[in-house]
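Since every read-out is calculated from the coordinates, none of them should be taken as a lab result. Note that the structure is a prediction, hence the values are computed from the model and not measured. Neighbour counts are summed over all protein chains in view; Cβ atoms, including those assigned to glycine, are modelled from backbone coordinates with ideal geometry.
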Amino acid sequence: MTIDHPNRSMTTSPTAILTMLLCLVLIVFTLVQWQASRWSELVWLAAFVAMVAIRTPYAHRNRANTIVVARNDLVERFLLVAMFLTMMVLPLVHLATGIFGFADYELPDWATGIGAVLQLPFLWLFWRSHADLGRNWSPGLEIRQDHGLVTSGVYARMRHPMYGAIWLSALAQPLLIHNWIAGALVIPAFAAMWFVRTPHEEAMLRASFGDAYDAYARRTGRLFPRIAQ
Ligand code: SAH
């Protein structure tokens, strides 16, 4: 599908404002009764706030982009909603209210510790991939006017560093939040997103950049950095 949004609105939508307010209320609720949380849940919360802080300036700036190709079909939208629920809404609601306590499980301390350590490479890669993609980043599958193929920085050896970062976060979430609903559900949600979206994204970039994308794909790994060039 090819669409054009020359006059894309620069004002923040009421839904986005409402979501931000709701997140804020849930975070405040969690913080005022922080003794009720495990230390690892507060680590998850701190990383969540850092993730939002990294993304927000790019999301705000890129709303001025003119979109020339968008592949945001029904399946893609469903997967985005599933990610939004499992990565944000369910954990925040659980941390604020303990509502899913019936689905808790136990983990050894070393496993929880791995979850905490994973936050460092996650946030670093999340930050660098936003910085390297810059104006070419979008939450959905889109090509903007003057879209450039980024092949440098963290994109030099792997094609999906941002999804790599989200994999780290998704794998760490159930190690930090010991709950099948608020912690573990994000793994099947992101696995579905990865397996459905990545081929569509690569096909869209191949259609836009042709041989340049083929050459780039040959010298890079999809999720893991290709070391030998
Ligand atoms: N899959 C990438 C980017 C995710 S953001 C990653 O995991 O790092 C999704 C948007 O990034 C898509 O709409 C696509 O247009 C854009 N994109 C992905 N790879 C790109 C690249 N190498 N250069 C420019 N834009 C890219």
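Observations on the structure shown:
- For Val69, residues with placed amide H under 5 Å, excluding near neighbours: Ile3, Ile143
- A full extension of the chain between Thr15 and Val32 corresponds to an added length of 3.5 nm, given 0.36 nm per residue minus the alpha carbon distance.
- The stretch 47-107 and the stretch 155-229 have Cα centres lying 16 Å from one another.
- DSSP H segments from the chain that extend 18 Å or more along their own axis, Cα-based, with Kyte-Doolittle mean of 1.0 or above: 14-32, 161-176
- Taking other Cβ atoms within 10 Å as a rough exposure proxy, Thr30, Thr56 sort from fewest to most as Thr56, Thr30.
- In Å, descending, principal axis extents of the Cα set of the stretch 2-124: 52, 27, 26
- Counting only Cα atoms, the size of the chain along its three principal axes is 54, 45, 27 Å, in decreasing order.
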